[in-house]
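Here the structure is laid out as structure tokens; the discussion comes afterwards.
The values are calculated or read from the model by the stated rules, or taken from the named source; none is laboratory data. None of these values were measured; they are calculated from a predicted model. Methodologically, a virtual Cβ is constructed for each residue, glycine included, from the backbone with ideal geometry; neighbour enumeration extends over all protein chains shown. Note: accessible area is taken over every heavy atom of the protein model, side chains too, but ligands, DNA and RNA are not part of it. Shrake-Rupley method; radii C 1.70, N 1.55, O 1.52, S 1.80 Å.
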Amino acid sequence: MKARNICQLPFKLLSLLVVFSITAGMLTACDGSPDPSEVPSQSKTQNSLVSVPEKTSTNPYKWTVMMYQDADDEILEEDIVTDLNEAELVGSSDEVAIVSQIDRYAEGFDGDGDWSGTKRFFITQDDDLDQINSEEVEDLGEVNMADSKTLIDFVTWAAENYPADKYVLILSDHGSGWPGGFSDVDSKSASKNELIDGFGDMIYLNEFDEAMAEIQQETGIDKFEMIGMDACLMGQLEVLSVLQPYARYAVLSQEVEPALGWAYAGFLKQLV
């Protein structure tokens, strides 16, 4: 069975079901006072009532979900393309924008037109699990998804074009725990040190930290509502320590994941 790990650890693969639910709740007063939401937003001044305007957001979306799909891998290409098709079962709505940057592997999975390179999509709803029918926003050609600058470019693009009140960032590919993850076998990056000689080019944890700090500065996003890593072995203290300044919640796996990854239609449907 395929798994989303680089190390190929010698222990039994566990089947994991990742279900992520996002719900909005309201606290009610517990001291006998009325619920503030039921009190008219007016204040009395002498003999007249003055309306207090409600706070409204100027962003067109409540949520933007960014999917950084590094499918430039012979083993995972088909599965990550399927993940995008799963997201299409739900699609974006008036309040939720779902966008993807997906890089495919040359001479690997021959489905869906057998194209390679990197494209950006605004995810729209359809029931076809074999064909990507979402709006193609950009064709970037071949880019190095293992380069943290590519991640910065995608997230800043998504935040600029699909501004929202809350943001979710999900990264998909192989994971390798504390060193990092999200490799790109088609990239021609020169070796930097012995660690890269062993693991190959990927987004190392220190590079991810620097990238998120730059994203925070460029976009003005204080914290992502969630950062998820649809990859093996990333549920480690070292990874969580890096994510903490940039996200309120994290969804990670301590163990190896099935190659097909998360149940995207399941949690996106609940969000939308």
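For A146, the criteria (1) out of contact with any Lys or Arg (no Cβ under 9 Å at 6 or more places or on another chain); (2) open to solvent by 10 Å² or more (accessible area, probe 1.4 Å); (3) closer than 25 Å to Q217 by Cα; (4) among the aliphatic types (A, V, I, L, M) hold in every case but one, which is (2). Residue selection: G266 satisfies the criterion of being out of contact with any His (no Cβ under 6 Å at 6 or more places or on another chain), closer than 21 Å to I98 by Cβ and open to solvent by 20 Å² or more (accessible area, probe 1.4 Å). The residues of segment 156-184 that are modelled with pLDDT of 95 or more and among the polar types (S, T, N, Q), listed by number, are T156, N161, S172. The set of residues in segment 82-128 being surrounded by 18 or more Cβ atoms within 10 Å (Cβ to Cβ) and without any contact (Cβ under 8 Å) to a residue 24 or more places away in the chain consists of K119 alone. Of the residues making up segment 64-83, those that are in contact with a helix residue (DSSP H, G or I) (Cβ under 7 Å, 6 or more places away or on another chain) and closer than 10 Å to F109 by Cβ are A71, V81.
D153: open to solvent by less than 30 Å² (accessible area, probe 1.4 Å) and either modelled with pLDDT under 95 or not in a strand (DSSP E or B) (or both), yes or no? So D153 does not fit the description; no. Checking each residue in segment 90-111 for being assigned to a loop (DSSP other than H, G, I, E, B), in contact with a strand residue (DSSP E or B) (Cβ under 8 Å, 6 or more places away or on another chain) and of a type in the set (S, T, N, Q) picks out only S92.
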